There are 2 protein chains.
Amino acid sequence: MNYCSHCGGSLRFDIPSGDDRSRYICDACQTIFYENPKMVVGCIPEWKDQILLCRRAIEPRYGMWTLPAGFLENGETVSEGAIRETYEEAGTRVEIIAPYMMLNLSFISQIYFMFRARMPAPDYEAGQESLDVRLFREEDIPWKDIAFSAISSTLKQYFDDRTQGGRFSFHIGDVQKV
Amino acid sequence: MNYCSHCGGSLRFDIPSGDDRSRYICDACQTIFYENPKMVVGCIPEWKDQILLCRRAIEPRYGMWTLPAGFLENGETVSEGAIRETYEEAGTRVEIIAPYMMLNLSFISQIYFMFRARMPAPDYEAGQESLDVRLFREEDIPWKDIAFSAISSTLKQYFDDRTQGGRFSFHIGDVQKV
């Protein structure tokens, strides 16, 4: 950040009076710019004993598999965002079952929030950001080709819970920088 | 937003190619500015059968009571943010018990995320943003003087759960514009 988005003045990076961390400050119009973590919201879409994964058509991790998820937009609820992303990337209109996992990716200031969700029918198609979308049984999950460790962690927890009698509680975890 | 924070060029508000909603776009350097919801994180600090509330020393809702909470900062986990806010506003170092409630305030693009937390001792003091900090029993909660409906909703759910045998599960809800 170099310029004030309000008045166009030059910014300096300094601790504002009464604060305890550095922010971008405009001396011309006194605006302080706060930067905060972003939420990434998504689903584990279930169809019977299978779950739906998308193969990425965009960087990073082009060609690798992931759960449908993306940045929460202004004006949305967390579940609305998760349903929208699932539709955009996987062409399926899911019904939310329950919140399932929140993951802190503090090294990139992102919070993942994933729901379990029901597919009303095995209908899906690759959206603009997907090369392919497919239903997988647990034994067919392409573990070596999962795009992000947040997604591997979510899937691993999910199948662990399912193996142990399907008691899906809400989990919180941290993902470290690889 | 009027100017590009990167190059100082003028911004226009329009739908970028391949997108489906309007963003601020800089034609000079091609930067697109995405704006996303912010997380507000906080705690219900418990000491025996009492909980800790703060009386606000800042606007909005100066003089009204609230739970300690504030904006999650870059680089923090959600629980780190909640612990920090509780220390800043109420001078007490809590231990997180469990995630308790997430509330969508989509009309202002905020997501509240509140934890139940344990006070190791009944030690607390008003921070810079509080006029007063006090422990309250359920029957003494100043319901008419609670600062925000997100906080009233959290407290109401909390005492409902406590009355029903203390089975505190994780809740999600929406708060509508008053």
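Here, each number is a calculation from the coordinates, and none is a lab measurement. Because the structure is a prediction, the values reported are computed rather than measured. Neighbour counts run over all protein chains shown; Cβ positions are idealised from the backbone, glycine included.
Do you know which residues across the range A:75-106 are surrounded by fewer than 23 Cβ atoms within 10 Å (Cβ to Cβ) and of a type in the set (S, T, N, Q)? Within the range A:75-106, A:77, A:79, A:106 qualify. Please go through (1) of a type in the set (S, T, N, Q); (2) under 22 Å from residue A:37 (Cβ atoms); (3) in contact (Cβ under 8 Å) with a residue 60 or more places away in the chain for residue A:128 and return the number of the only condition it doesn't satisfy. Going through (1) of a type in the set (S, T, N, Q); (2) under 22 Å from residue A:37 (Cβ atoms); (3) in contact (Cβ under 8 Å) with a residue 60 or more places away in the chain one by one, residue A:128 breaks only (2).
Within the range A:143-166, residues that are within 22 Å of residue A:133 (Cβ to Cβ) have Cβ atoms under 6 Å from residues that are among the basic types (Lys, Arg) and not in a strand (DSSP E or B) in these pairs: A:147/A:61, counting only partners at least 6 apart in sequence or on another chain. The residues in the range B:159-177 that are basic (Lys, Arg) and under 19 Å from the mean Cα position of the chain (by Cα) can be counted, and the count is 1.
Could you please let me know if residue B:151 is closer than 25 Å to residue A:100 by Cα and away from chain A (no Cβ under 13 Å)? Yes: the conditions hold for residue B:151.
Of the numbered conditions (1) touching a helix residue (DSSP H, G or I) at 6+ places or on another chain (Cβ under 7 Å); (2) part of a loop (DSSP other than H, G, I, E, B), residue B:58 fails exactly one; give the number of that condition. Condition not satisfied by residue B:58: (1). Kindly indicate the residue of the range B:20-34 that is touching a strand residue (DSSP E or B) at 6+ places or on another chain (Cβ under 8 Å) and of a type in the set (D, E, K, R) and also farthest from the other protein chains (Cβ to nearest Cβ) among those meeting that condition. The qualifying residue farthest from the other protein chains (Cβ to nearest Cβ) is B:27.
The residue that is nearest to the other protein chains (Cβ to nearest Cβ), counting only those in the range B:161-178 that are closer than 21 Å to residue A:77 by Cβ and either of a type in the set (D, E, K, R) or part of a loop (DSSP other than H, G, I, E, B) (or both), is B:170.
Yes/no matrix, rows are residues, columns are (1) within 12 Å of chain B (Cβ to nearest Cβ); (2) within 12 Å of the chain's Cα centre (by Cα); (3) of a type in the set (S, T, N, Q):
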{"position": "A:5", "(1), (2), (3)": "yes, no, yes"}
{"position": "A:51", "(1), (2), (3)": "no, no, no"}
{"position": "A:107", "(1), (2), (3)": "yes, no, no"}
{"position": "A:113", "(1), (2), (3)": "yes, yes, no"}
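The single condition among (1) surrounded by fewer than 23 Cβ atoms within 10 Å (Cβ to Cβ); (2) more than 30 Å from residue B:103 (Cβ to Cβ) that residue A:19 does not satisfy is (2).
Just to verify a result, which residue in the range A:53-70, among those that are within 19 Å of residue A:98 (Cα to Cα) and touching a strand residue (DSSP E or B) at 6+ places or on another chain (Cβ under 6 Å), is farthest from the other protein chains (Cβ to nearest Cβ)?
Let us first name the residues in the range A:53-70 that are within 19 Å of residue A:98 (Cα to Cα), namely A:53, A:67-70.
Then drop every residue that is not touching a strand residue (DSSP E or B) at 6+ places or on another chain (Cβ under 6 Å), which leaves A:53, A:67-69.
Values: A:53: 23, A:67: 19, A:68: 16, A:69: 14 Å.
Ranking the candidates gives A:53 first.
Scanning the range A:24-55 for residues that are among the polar types (S, T, N, Q) and farther than 30 Å from residue B:80 by Cβ returns a single hit, A:50.
Confirm whether residue A:158 is away from every other protein chain (no Cβ under 12 Å) and buried (at least 16 other Cβ atoms within 10 Å of the Cβ). Walk me through how you get there before you give the answer.
Numbers: away from every other protein chain (no Cβ under 12 Å): yes; buried (at least 16 other Cβ atoms within 10 Å of the Cβ): yes.
Yes, satisfied.
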